[in-house]
Amino acid sequence: LVEYAVPWLVDHPDEVTITEVETDGEDTVLELTVHPDDVGKIIGRQGRIIRALRVLAKAAGQLEGRSVAVEVVD
């Protein structure tokens, strides 16, 4: 879901990288790397965009019985 949504939100969709990192147990962290000019677009005003992406990822993960978090990496 995140792989689909993020390229539509940025100016440089070819530079979007999503890395899935498994933590202890069933926890998963999606590390999102974007072009430096697009970091503000991913975060959004007062963090609204990244918060919405986290909610979507968490809901999608719960369907599979996993805990999913989204982090923006520089």
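Quick notes on this structure:
- Candidates are the residues of the range 55-74 that are charged (D, E, K, R) and at pLDDT below 90; the one that is least open to solvent (accessible area, probe 1.4 Å) is Arg66.
Matching residues to (1) charged (D, E, K, R); (2) under 16 Å from Glu3 (Cα atoms):
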position	(1), (2)
Thr33	no, yes
Lys41	yes, yes
Arg54	yes, yes
Ala59	no, yes
Glu64	yes, no
Ser67	no, no
Val72	no, yes
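- Members of the range 37-54 found to be in contact (Cβ under 8 Å) with a residue 12 or more places away in the chain and open to solvent by 90 Å² or more (accessible area, probe 1.4 Å), listed by number: Asp37, Arg54
- Enumerated strands (runs of 3 or more DSSP E) restricted to the chain, each holding at least 3 residues that are touching a Lys or Arg at 6+ places or on another chain (Cβ under 8 Å): 67-73
For (1) within 14 Å of Asp74 (Cα to Cα); (2) of a type outside the set (Ser, Thr, Tyr); (3) over 12 Å from the mean Cα position of the chain (by Cα), each residue gets a yes or a no:
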| residue | (1), (2), (3) |
| --- | --- |
| Glu15 | yes, yes, yes |
| Glu31 | yes, yes, no |
| Ile43 | yes, yes, no |
| Gln46 | no, yes, yes |
| Ile50 | no, yes, no |
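- No other residue among Val29, Val16, Val6 is under 25 Å from Glu64 (Cα atoms), in contact with a Pro (Cβ under 6 Å, 6 or more places away or on another chain) and either modelled with pLDDT of 95 or more or surrounded by 14 or more Cβ atoms within 10 Å (Cβ to Cβ) (or both) apart from Val16.
The values are calculated or read from the model by the stated rules, or taken from the named source; none is laboratory data. Since this is a predicted model, take the numbers as computed values, not measurements. Note that we place each Cβ from the backbone using ideal geometry, even for glycine, and neighbour counts take in every protein chain shown. Surface accessibility is based on the protein's heavy atoms, side chains included, excluding ligands, DNA and RNA. Shrake-Rupley method; radii C 1.70, N 1.55, O 1.52, S 1.80 Å.
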